[in-house]
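Trainee: Could you have a look at this structure, given as structure tokens, before my questions?
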Amino acid sequence: MGGGGRPTEPHHYGDSRTAFRQLCAQETLDCIICCTPWEYHAAVCVAAMQNGKNAVSEVPIIITLDEAWELVETHEKTGKWATMGLEGYDDLTLMNMVRKGILGEVLHAEGGYVHDLRMVQYNPLQEP
């Protein structure tokens, strides 16, 4: 909150496709949450880690193997992490129940995510 109990006006970082780098460098934050088009997910996470911030991305966090290695190498250099966030409110509710011990002691958990990307990769109207 700013002075006088009024909310502080947020900064605007939308003047270019790489303005996220300025946000990561200038803002005092613990974590950057990346909800951008896919091609920016890895770059935003790397910029966050390079500026002393952890990062959470929606899926996919990377598109190429090179981006995956860049995330790993940036983590190793900075000690900051980047991860994919849980999608949807149901997941957050479940995590809250685990943290409060409602489900008892959790010894093991697994999850899966299926995202049919055939319509992104292939155009069925152009298929023979």
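Trainee: From (1) within 27 Å of A109 (Cα to Cα); (2) modelled with pLDDT of 95 or more; (3) part of a loop (DSSP other than H, G, I, E, B); (4) not charged (D, E, K, R), pick out the condition that doesn't hold for A42.
Mentor: For A42, the exception is condition (3).
Trainee: Further, regarding this structure: Given the conditions (1) out of contact with any Gly (no Cβ under 9 Å at 6 or more places or on another chain); (2) modelled with pLDDT of 70 or more, report the number of the one that K80 does not fulfil.
Mentor: The single condition K80 does not satisfy is (1).
Trainee: Would you check if Y40 is in contact with a strand residue (DSSP E or B) (Cβ under 8 Å, 6 or more places away or on another chain), surrounded by 13 or more Cβ atoms within 10 Å (Cβ to Cβ) and free of Cβ contacts under 8 Å to residues at least 40 places away in the same chain? Please lay out each step first, then the result.
Mentor: Details: in contact with a strand residue (DSSP E or B) (Cβ under 8 Å, 6 or more places away or on another chain): yes; surrounded by 13 or more Cβ atoms within 10 Å (Cβ to Cβ): yes; free of Cβ contacts under 8 Å to residues at least 40 places away in the same chain: yes.
Criteria met by Y40.
The values are calculated or read from the model by the stated rules, or taken from the named source; none is laboratory data. All of these numbers come straight from a predicted model, not from anything done at the bench. Don't worry about glycine lacking a Cβ; one is built from the backbone with ideal geometry, like all the others, and counts go over all protein chains shown.
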